[in-house]
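Asker: First the structure, which I've put down as C-alpha cells, then a few questions once you've had a look.
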Amino acid sequence: MRLPSILRPLRNRLLQTFFLLTRPMTLGVRIIVHDPAAGTVFLVRHTYVEGWHLPGGGVERGETVMEAVRKELMEEGRLKLATEPLFLGVLFNRRARHNHILLYLSEDCVQTGDPDPNWEIAEARAFPLDGLPEDLSPATARRIAEWRAGQPPATEW
C-alpha cells in the first residue's frame, strides 16, 4: 500500500532524522545491473520515494559490502551475481547528510525468479537503455549517463 503523496515528504524527513540520530554516518550500495546481450538495465521503483532507481540499499552493522550487494540484489530483483561486480566509485549523498554510496557495475546477474512486490519495492524490471522510464530519478540518470559515456562517477550522488 502506497502512502498518500502529501505524506511522503514528511515520512522521508522523519526517517532521515531518525537515521541521522541513530547512525551518524551511513554506508550504502547501488548497482548498475546491465545485461549486454539484451541491452537493458535493471531498475526498481520504491514505495516510499518517487521515480525509478538503481537497486541497492544500506550496509548493515556486521555485514560486508559484498554481502549487502548480494542481499539487495536478491531482495529487490531476485538477482544473483555470477561474478563479482566492478567497483565504480564512492559518492557522497549530501541530501542524506552523512551517507556515502559505493557504486558497482554487474554485467552478469542471473534473475532467479520474478521479484515480489512488498512494502519497500513497488516494481522492479529491466528497461532497454534507449527506453528508460521518464520518471527515472535524477541521480540514477546521471550514474547511467556517466557509465555509458565511460566516465567515472561524480563524487556526489
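Asker: Going by C-beta contacts inside 10 Å, put Ile31, Ile144 in order with the fewest on the left.
Answerer: Taking fewest neighbouring Cβ atoms as first place, the list is Ile144, Ile31.
Asker: Just going by the charge dipole of region 11-157, with Lys and Arg at +1 and Asp and Glu at -1 on Cβ, which of Thr155, Gly113, Gly56 is farthest out on the positive end?
Answerer: Among Thr155, Gly113, Gly56, the one farthest towards the positive end of the dipole of region 11-157 is Thr155.
Asker: While we're on this one: Let's test the formula: R0 of 30 Å, r as the Cβ-Cβ distance of Asp108 and Phe18. What FRET efficiency results, to the nearest 0.05?
Answerer: 0.25
Asker: Quick one: Karplus J couplings for region 54-66, per residue in order, coefficients 6.51, -1.76, 1.60, θ = phi - 60°, nearest Hz, x for Gly and Pro?
Answerer: 5, x, x, x, x, 8, 7, 4, x, 10, 6, 4, 5
Asker: Same structure again: With axes computed from alpha carbons, what is the tilt in degrees of helix 8-22 against the longest principal axis of the chain, rounded to the nearest 10 within 0 to 90?
Answerer: Result, in degrees: 80.
Asker: How much net charge surrounds Phe42 when only other residues with a Cβ under 14 Å from its Cβ are counted (Lys, Arg +1; Asp, Glu -1)?
Answerer: Local charge sum for Phe42: -2.
Asker: Something else about it: Figure the gain on full extension for His100 and Phe87 (residue separation times 0.36 nm, minus the Cα-Cα span) and round it to one decimal in nm.
Answerer: Going from the current span to full extension adds 3.3 nm.
Asker: Sticking with this one: Neighbour counts of other C-beta atoms within 10 Å: give me Ile121, Ile6, Ile32 arranged from fewest to most.
Answerer: Least to most surrounded, the residues fall as Ile6, Ile121, Ile32.
Asker: Looking at region 21-94, what % of the alpha carbon pairs are farther apart than 17 Å?
Answerer: 50 percent
Asker: Fewest to most neighbouring Cβ within 10 Å: what's the order for Met66, Met25?
Answerer: Fewest to most other Cβ atoms nearby, the residues stand as Met25, Met66.
Asker: Also: If you filter region 24-99 for trypsin sites (Lys or Arg not before Pro), then keep DSSP loop positions with at most 12 other Cβ within 10 Å, what is left?
Answerer: In loop regions of region 24-99 (DSSP not H, G, I, E or B), the sparsely surrounded trypsin sites (Lys or Arg not before Pro) are Arg61.
Asker: Would you mind checking which residues have amide H under 5 Å from Asn99's amide H? H placed 1.01 Å from N; only 5 or more apart, or other chain.
Answerer: Thr26, Asn93
Read-outs throughout are calculated quantities, based only on the coordinates presented, and are distinct from any laboratory measurement. As the structure is a prediction and not an experimental result, all values here were calculated from the model. FYI the Cβ positions are ideal-geometry reconstructions off the backbone, even for glycines, and counts take in every protein chain you see.
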